[in-house]
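Since the structure comes first, as structure tokens, the remarks are kept for the end.
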Amino acid sequence: MGHAPQLNRRSFVLGTAAIGSGLALGIPFGGPTAVYAADGTPEVNAWVVIRPDETVVVRIARSEMGQGTLTGLAQLVAEELECDWSRVTTEYPTPGQSVARKRVWGDFSTGGSRGVRTSHDYVRKGGAAARLMLIQAAANEWAAPVSECATSKGVITHVPSGRTITYGKVAEAAAKLQPPADVKLKDPKDWIIAGKPLKRLDTVEKTNGKMIYGADIKLPGMLNAAIKDCPVFGGTLKSFDDSKILGMKGVKKVVRVGESAVAVVADTWWHAKSALEAMPVVWDDGKNASVSSESIGKWLQEGLDAAQPAFVGNKAGDVKAAFAGAAKTVEAVYAYPYQNHATMEPMNATVLYTAEKCEVWTGTQNGEAVFAAAVEASGLPSDKCEVYKIMPGGGFGRRGMTDYVRQAVAIAKQMPGTPIKLMWSREEDMLHGRYHPITQSKLVGAFDADNNLIGLHMRISGQSILASVRPEGMQNGMDPVTFQGLNASGEAAIGYTVPNLLIDHSMRNPHVPPGFWRGVNVNQNAIYLESFMDELAHSVGQDPLEFRRKLMTKHPKHLAVLNAVAERIGWTTPAPQGVFRGICQHMGFGSYVAAATEISVTGGNKIKIHRIVAATDPGYAVNPWQIDRQIAGSFVYGLSALFYGECTVKGGRIEQENFDTYQSMTMKEMPKVESILMPSGGFWGGVGEPTICVAAPAVLNAYFAATGKRIRSVPLKNHDIIFA
Amino acid sequence: MASLTINGRTYEIDAEPDTPLLWAIRENAGLTGTKYGCGVAQCGACTVHVDGQQVRSCSMALSEAIGKQITTIEGLASEGGVHKVQQAWIDHDVPQCGYCQSGMIMAVAALLETVPQPTDEDIDLAITNICRCGTFQQVREAIHAAASA
């Protein structure tokens, strides 16, 4: 055990820069020399291009993958620009352009629910600066002071004279002006475009088949590749016999890809995949060939009580002393499995490599990471590489990785001049995920004689994501992300005050590669803590809501969302006959979230979810309609994980290869989600991920209320618990 | 060489008879609105209509589709128009990533042909497509809207 994927130096450099200096890039909001957009229109600044026909093109660096970021960021720019929303369209700058312009668009990385919350400041300033330049251009034309000009919906008015001119008429002149040194942003309470429930900008093409995803790319002369990587992580490709398939229809070439994979290149993907299936391949499974879910589970279990090493994530008082003096202690052990992102569109990338250039077309959550991967895998200098971001069929964290891009470049390098589209089969996608990390947790709570919780020790044993994916983010050997939702303060803070508290991590990294899986570590941390809080409450005969409230007096924002769901579900009134309730709260990605459910259980194992109430306080809400959709969707993701989600390991490889053994919820299982959006202002929280983590504990706590049975491991199918 | 009738047009398809209809549509006819998700009829991203019935095209052989009327997402609406299901999808802002939505829309359009006013239970039974973004809430709203359009 202990195998970790190789660190890529270039993505390390870019990644670190992106994290460390996103807002300190000295992003210029325009320039005295006009820069021209692809269609010949001069850009007002990097964020805004206004065409003579009044179309407003907003450049978006972050990736849209369904979460609505594209629309939300465009709203923020348009708000400050005071343009006509109906004329707004968007485009992606390429990573190559960004690098060539000193990263003028900032960070491309789209994960951690950061799309809006970490770029709202500079994109709004981009819009505000463009507006000032447009006004200046109009004022110059009128020889009038700027202070006499006003803007609304893309029209500049000289107030004293009533003269008007549109943005499109002065955009070219504005592009030549010096950008303003400083711009003032609107108070969100004055927003008229941002903060409003507007429709997405990219819907129509998703309803008529016209939206092009990475899998749909067609280039002249393009060939298709199917690939098999050694199913055992860390294993290698020993040999393959291509004589069996080279005569098959459409097959052009069989190529080795790195140390561990082989690809068939053919005229169509179906031919490539069929030939690959027919080709004898011999693997060297390597040292991980005997690893199983059982062996991993046993190793993690040992970490629950291991004295050292244990990294401390949150500490208060003296837990040992509290336990020694306790009137009563309660203990429980929980577990969370590996899970695959299972994006609907399997991983793919299209690459055209020549000795002079390497171009990549792919759906990605991080255009710059793909760019760095292309530079490294092609061996070409960065000014000879370019990446074109294509709509991804789901991301959920998986498309922040670049493994599939490296493979595609490696294949294309062996066929210079021929565009190669590499697409993974669903089976390849399931076998080569970057899985939700596996962990277990032992929790011990201590009460005094008056049933006050005086001590809590939460030991997490298991896998670190950063150790594998982003080792530069480790702090003295500790993975701080492990403690997401459990920290003393910050964007993922615990919502309880326990006088004697210890939350620590015994890190154990199996060879199965982990990744950021939508919701990341709050998913299991919320199950562990919020189920255990319920256990503690019941152990002293207290109402789970009241028990929490007593511990939350110093956490008013956590408490506010909890109270909101309690009120909406009707916690203090009796539930309908045969219906039982569960409740929980947590924090992640800068947002406070809570959920309450009503379920009924038949035969002890068939769950029907009647109601889900979910509250979110994201600080500011840029598009309430899209946030509603993220919340509803996050319950589908979170409850699919709770009921079905598990990738098991046998012989060092993942056993589940398709949706028949890795199930996902369908319509009949999914109740309506009543979402409560309660932005309290003053901070910016994410909305794509946070509510996933409250889906499972709300149901698990309701299941206990209904049956008296506490379920402490995921998924429910392993307990023979199914949807009614 | 096989002749397929897709969206009222004849395509000469140079593919083996056992090629899944999905890949004949995507790679031979070049209509990429129909998506590959699983290849084993689990997810429904590849749903098309064959003689008006919803079919998971990844699991039907090209040879079985010869002589039948195949409709894909590109041909769901009449020329230049918008099908009522598509309109409901636009009105209710249903898609997130959108990858599964072609199949979802085709499944719903087929349902409304046989059950013009489906109940929630009808929808639960008929629409079993997987959507990992989790658009089900909006899908249900949009189905009811399309049914009453």
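Values in this text are rule-based calculations from the coordinates and carry no lab data. No experiment lies behind these values; they were computed from the predicted model shown. Positions of Cβ are backbone-derived with ideal geometry, glycine not excepted, and every protein chain shown enters the neighbour counts.
Enumerate the residues in the stretch A:216-260 having an amide nitrogen under 20 Å from the point lying 7 Å beyond the Cα of B:Met1 toward its Cβ. Only A:249-250 pass the distance filter.
On the beta carbon distance between A:Arg163 and A:Glu91, with R0 = 35 Å, the FRET formula returns roughly 0.65.
Multiply the residue gap between A:Val35 and A:Arg256 by 0.36 nm, knock off their C-alpha separation, and tell me the result in nm, one decimal place.
75.2 nm
GNM on chain B, alpha-carbon springs under 10 angstrom: the most fluctuating residue among B:Ala65, B:Ala24, B:Ala126 is B:Ala126. Sequence-ordered 3J(HN,Hα) estimates for the stretch A:70-83 from the Karplus curve with 6.51, -1.76 and 1.60 and θ = phi - 60° stand at 4, 5, x, 5, 4, 4, 5, 5, 5, 4, 6, 6, 6, 9 Hz, glycine and proline given as x. Prolate is the label for the stretch A:9-203, because a/c, from the alpha-carbon gyration tensor with a ≥ b ≥ c as root eigenvalues, is 1.5 or above and a/b exceeds b/c. From the Cα gyration tensor of the protein assembly as shown, with a ≥ b ≥ c the square roots of its eigenvalues, which class applies: rounded if a/c is under 1.5, or else prolate if a/b is larger than b/c, or else oblate? Rounded, because the longest to shortest axis ratio a/c is under 1.5. So the label point goes 7 Å from the Cα of A:Thr354 along Cα→C-beta, right? Which residues of the stretch A:404-443 then have their backbone N under 12 Å from it? Output list for this probe position: A:416-419.
Based on DSSP H segments of at least four residues, each scored -39500 (n - 2.57), chain A has a per-residue ellipticity at 222 nm of -8500 deg cm²/dmol.
For a paramagnetic label modelled on A:Ser382 (point 7 Å from Cα along Cα→Cβ), amide N atoms under 13 Å away belong, within the stretch A:89-115, to A:95-108. Structural descriptor for chain A: relative contact order 15 percent, calculated from alpha carbon pairs under 8 angstrom and at least 6 residues apart.
Remark: the Cα gyration tensor places chain B in the prolate category, a/c being 1.5 or greater and a/b exceeding b/c. Database remark: amide H of A:Cys584 closer than 5 angstrom to the amide H of A:Ala595 (H placed geometrically; neighbours at sequence offset of 5 or more, or on other chains; Pro and chain starts carry no H). Checking the Cα-Cα distances for A:Lys206/B:Lys35; A:Lys102/A:Lys421; A:Lys557/A:Lys709; A:Lys253/A:Lys421; A:Lys228/A:Lys273 against a 19 Å cut-off, the pairs over it are A:Lys102/A:Lys421; A:Lys557/A:Lys709.
Work out the length of the dipole vector of the stretch A:353-503 about its Cα centre, built from +1 on the beta-carbon of each Lys and Arg and -1 on the beta-carbon of each Asp and Glu, and round it to the nearest 20 debye. So the dipole magnitude of the stretch A:353-503 works out to roughly 340 debye. Scanning residues 5 or more positions from A:Arg434 or on other chains, those with amide H under 5 Å from its amide H are A:His341, with H placed 1.01 Å from N in the peptide plane. Take the Cα of A:Lys153, step 7 Å toward its Cβ, do the same at A:Asp450, and the gap between the two points is 6.4 nm. Reported to the nearest whole Å, the Cα centre-to-centre distance from the stretch A:364-406 to the stretch B:54-112 is 31.
Give the lysines whose C-alpha is closer than 20 Å to that of A:Lys153, dropping any in the same chain fewer than 8 places away, or say none. Counting by Cα, and skipping residues close in sequence, A:Lys153 has these lysines nearby: A:Lys125, A:Lys169, A:Lys184, A:Lys186, A:Lys189, A:Lys196, A:Lys199. Per-residue Karplus couplings for the stretch A:180-191, computed as 6.51 cos²θ - 1.76 cosθ + 1.60 with θ equal to phi - 60°, are listed in order as x, 6, 9, 10, 9, 8, 5, 6, x, 6, 9, 4 Hz, Gly and Pro entered as x. What FRET efficiency comes out for A:Thr553 versus A:Met474 if R0 is 41 angstrom and r is the Cβ-Cβ distance? Round to the nearest 0.05. The formula returns an efficiency of 0.75 here.
Shown for B:Val139, B:Val82: other C-beta atoms within 10 Å of each C-beta, ranked fewest to most, produce the order B:Val82, B:Val139. Here the spin labels are modelled as points 7 Å beyond Cα on the Cα-Cβ line, and at A:Ala307 and A:Ala321 they lie 2.1 nm apart. Placing +1 on each Lys and Arg Cβ and -1 on each Asp and Glu Cβ, with no other charges, gives the stretch A:196-273 a dipole about its Cα centre of roughly 300 debye. Under a 5 Å amide H cut-off, with hydrogens placed 1.01 Å from N, A:Thr89 pairs with A:Val56, A:Val57, A:Val58 among residues at least 5 apart or on other chains.
Label sites at A:Asp267 and B:Gln69, each approximated as a point 7 angstrom past Cα along Cα to Cβ, lie 3.2 nm apart. Backbone geometry of the stretch A:302-312 corresponds, through the Karplus equation with coefficients 6.51, -1.76 and 1.60 at θ = phi - 60°, to 3J(HN,Hα) couplings of 4, x, 5, 10, 4, 6, 9, x, 9, 7, 8 Hz, x marking Gly and Pro.
Counted by Cβ distance under 11 Å from A:Leu219, the other residues give a net charge of +1, where Lys and Arg count +1 and Asp and Glu count -1. When only the Cβ of Lys, Arg, Asp and Glu is charged (+1, +1, -1, -1), the dipole of chain A relative to its Cα centre reaches about 260 debye.
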